[in-house]
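What follows is a short report on a single structure.
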Amino acid sequence: MAFRYEVRLSGSGGQGLILVGKVLAEAAAIYDGLNATQSQSYGPEARGGASRSEVIISDGDIDYPKAENIDILLALTQEACDKYIVDLKEGGVLLIDSQMVTKIPEGNFQVVAIPIIQSAVERLGKFLVSNIIALGIITKLSGIVSEDSVKHAIRSRVPKGTEEINITAFYTGIELAQKWLDQNGPLNT
Amino acid sequence: METPNPNVKMWQGNVACAEAALAAGCRFFAGYPITPSTEIAEVLSRRLPMVGGNFIQMEDEIAAMGATIGASLGGAKAMTATSGPGFSLKQENIGFAVMAEVPCVIVNVQRGGPSTGLPTHAAQGEVMQSRWGTHGDHPIIVLSPCSVRETYDMTVRAFNLAEKYRTPVILLSDELVGHLTEKVEVPPIEQLGIVNRKKPLVSPDKYLPYELNESDIPAMANFGDGYRYHVTGLAHDETGFPTNNPEKIQVQLERLNRKIDRYRDDIVEIETHYTEDADILVISFGSTARSARRAVINAREKGIKAGLLRLKTIWPFPDREIEEISAPVRKIIVAEMNLGQIAHEVEWATRRSKPVVRVNKINGEPITPNEIFNAIIAQD
């Protein structure tokens with residue numbers, strides 16, 4: 001039986017979550033030899049509004065490309081968390097920005113709260129790279145793709161001239177995830 | 001980590017469409033940006049100049065369709081891409097391309113309608129508009145892809161059919177496929193079987209642009225090659241000049257419609273899964289067919305004899321194929337993101353001989369595999 005791993009990246013339009021989805025899918029499909037799809041759902045506005053990007057990773061064919069039984073849900077805003085939590089599977093992982101999402105919905109899932117946006121500002125001086133920090137955290141927590149593959153996919157997808165800061169952001173995310181795991185113990189996956 | 005294969009791309013459906021157009025020989029694109037089709041224009045605006053082609057952003061969709069026709073008359077393989085409201089605007093000029101027999105490709109990445117509707121959400125509401133959006137009795141070819149790879153293949157096929165039959169061809173995609181990113185192994189260009197329009201073999205003074213010949217498909221001269229001829233949307237005779245002669249009009253319009261009808265077996269393509277012993281048949285197309293396939297596989301795992309018939313060609317309608325494949329089944333389910341545009345045709349094709357259950361959704365969200373599965377297991 002083929003495995004199917006579902007990731008939903010949610011937040012506000014303009015936070016770069018579609019890019020993160022494309023990078024993650026490319027890492028899995030091009031560099032790790034798996035199948036992957038990335039799709040998105042957003043409103044007509046260029047900035048703002050709840051926005052989501054979804055990645056399905058499988059070693060078999062992917063028919064339906066939308067998430068229904070999510071393994072890991074990233075929520076960078078309270079609105080996105082409230083709106084998109086419904087499809088998180090039992091025992092799945094809810095990864096939240098600990099400062100943006102203060103009211104954690106009730107349910108049977110594991111919560112990982114990390115100050116993602118604050119870390120981007122304090123450690124890299126740019127809130128813009130919050131998305132890639134989140135990608136680093138997801139890569140570490142999920143183990144679904146290799147770090148090297150994600151690193152290559154970042155280089156191929158981010159705008160020219162921003163590769164280095166994004167790679168630094170990616171490793172910042174991995175480090176934050178490792179720190180969380182050291183303090184809280186391993187996740188059940 | 002594996003060493004990546006340079007022919008394997010992680011492409012969005014719209015990017016695959018643009019790249020396939022280039023591979024098929026498209027050297028002209030005119031358009032007006034509209035979500036969710038804009039990436040096609042974006043990619044071609046960058047890529048066409050690299051291969052000696054031309055990209056024009058026109059003042060609106062009407063002009064874009066006109067420019068596409070003009071470029072094709074000049075000898076270029078030409079394309080335009082749009083969505084719902086823009087597709088409505090193009091209709092009159094699509095009729096001109098049909099009447100004047102100008103090969104071209106029109107991509108409609110469907111979004112929710114009517115009107116400006118849901119710009120960023122998928123729908124399949126233009127099944128009928130793609131057939132009858134322009135006025136008058138006319139033939140049309142419409143293809144509908146369900147994946148990124150198929151978007152590539154069908155875009156190439158759309159150009160080939162347009163060139164072969166001197167007709168506009170519509171690629172009816174949707175937001176889900178157009179904005180879906182997935183793995184594509186790009187086929188080598190020599191495997192694509194590129195077709196080019198038939199050029200006249202006679203001298204310019206003997207050339208009849210709308211000649212009645214055995215194939216029903218007249219040869220097409222490029223403007224600028226010394227073949228001076230008249231192009232009009234008015235009813236015309238073999239020379240291309242308008243005529244009021246009823247016999248000449250009748251014979252030309254019959255040929256115009258017959259030239260697609262008689263080759264329908266070459267044009268119509270379907271795909272089947274598990275239909276051999278099925279007693280429930282799911283019919284779908286475009287992105288919804290992905291959910292339908294999963295629903296059928298899930299049903300088979302539970303021992304339910306469900307099968308899938310996927311329409312790759314929408315028009316000419318695969319009525320004979322549907323009639324034949326559905327003959328032994330007791331129930332047909334048609335899943336589509338509209339209120340039953342294909343279902344109605346399926347009822348017609350099967351002469352209402354068995355129940356046709358509709359699974360429809362028009363709120364911008366895709367139909368899920370479970371929604372189709374529930375229709376499969378529902379008691380009749």
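When A:Leu24, A:Leu19, A:Leu74 are checked against the criterion of being in contact with a Ser or Thr (Cβ under 7 Å, 6 or more places away or on another chain) and buried (at least 19 other Cβ atoms within 10 Å of the Cβ), A:Leu74 stands alone in meeting it.
Listed by first and then second residue, the pairs with beta-carbon distance under 9 Å, at least 6 apart or on different chains, first residue in segment B:49-77 and on the phi > 0 side of the Ramachandran plot, second buried (at least 16 other Cβ atoms within 10 Å of the Cβ) and of a type in the set (A, V, I, L, M), are B:Gly75/B:Met220; B:Gly75/B:Ala221. Applying the criterion of being more than 14 Å from every other protein chain (Cβ to nearest Cβ), in a loop (DSSP other than H, G, I, E, B) and in contact (Cβ under 8 Å) with a residue 40 or more places away in the chain to the residues of segment B:340-380, the residue that is nearest to A:Ala67 (Cα to Cα) is B:Ile362.
If I filter segment B:20-38 for residues that are within 23 Å of A:Leu24 (Cα to Cα), out of contact with any Phe, Trp or Tyr (no Cβ under 6 Å at 6 or more places or on another chain), modelled with pLDDT of 95 or more and assigned to a helix (DSSP H, G or I), do I get at least one hit? Don't jump to the end; show me each part of the working.
Keep residues of segment B:20-38 that are within 23 Å of A:Leu24 (Cα to Cα), which gives B:36.
Okay, now just the ones that are also out of contact with any Phe, Trp or Tyr (no Cβ under 6 Å at 6 or more places or on another chain), so B:36.
From what is left, the residues that are modelled with pLDDT of 95 or more are B:36.
Adding the requirement that they be assigned to a helix (DSSP H, G or I) leaves none.
No, segment B:20-38 contains no residue that is within 23 Å of A:Leu24 (Cα to Cα), out of contact with any Phe, Trp or Tyr (no Cβ under 6 Å at 6 or more places or on another chain), modelled with pLDDT of 95 or more and assigned to a helix (DSSP H, G or I).
Taking segment A:13-47 as the range and being hydrophobic (A, V, I, L, M, F, W, C) and either more than 11 Å from the chain's Cα centre (by Cα) or within 7 Å of chain B (Cβ to nearest Cβ) (or both) as the test, the residues that pass are A:Ala25, A:Ala27, A:Ala28, A:Ala29, A:Ile30, A:Leu34, A:Ala36, A:Ala46.
Taking each residue of segment B:141-166 that is in the same structural domain as B:Leu73 (by TED's automatic domain parsing) and looking for partners that are among the acidic types (Asp, Glu) and at pLDDT 95 or above with beta-carbon atoms closer than 6 Å, six or more apart or interchain, yields B:Val148/B:Glu182; B:Arg166/B:Glu101.
Pairs are defined by a Cβ separation below 8 Å, a sequence spacing of at least 6 or placement on different chains, a first member in segment B:110-125 that is more than 15 Å from B:Gln341 (Cα to Cα) and at the interface with chain A (Cβ under 10 Å from one of its Cβ atoms), and a second member that is among the acidic types (Asp, Glu) and surrounded by fewer than 24 Cβ atoms within 10 Å (Cβ to Cβ); the pairs so defined are B:His121/B:Glu365. Summed over segment B:1-60, residues that are closer than 28 Å to A:Gly33 by Cα and either surrounded by 24 or more Cβ atoms within 10 Å (Cβ to Cβ) or within 14 Å of another protein chain (Cβ to nearest Cβ) (or both) total 22. Looking across segment B:358-380, the residues that are among the β-branched types (Val, Ile, Thr) and either surrounded by fewer than 17 Cβ atoms within 10 Å (Cβ to Cβ) or within 24 Å of B:Gly84 (Cα to Cα) (or both) come down to B:Val359, B:Ile362, B:Ile367, B:Thr368, B:Ile377.
Scanning segment B:300-332 for residues that are part of a loop (DSSP other than H, G, I, E, B) and among the charged types (D, E, K, R) turns up B:Lys302, B:Lys305, B:Lys312, B:Arg330. So, A:Ala50, is that one crowded, with 22+ Cβ neighbours inside 10 Å and either over 30 Å from B:Glu2 (Cα atoms) or facing chain B (nearest Cβ under 10 Å) (or both) or not? No; evaluated as a whole, the condition is false for this residue.
Of all the listed residues (B:Ser291, B:Ser287), the sole one being surrounded by 14 or more Cβ atoms within 10 Å (Cβ to Cβ), under 30 Å from B:Val109 (Cα atoms) and within 18 Å of the chain's Cα centre (by Cα) is B:Ser287.
The values are calculated or read from the model by the stated rules, or taken from the named source; none is laboratory data. Source: prediction; values computed, not measured. All Cβ positions, glycine included, derive from the backbone under ideal geometry; neighbour counts span all protein chains shown.
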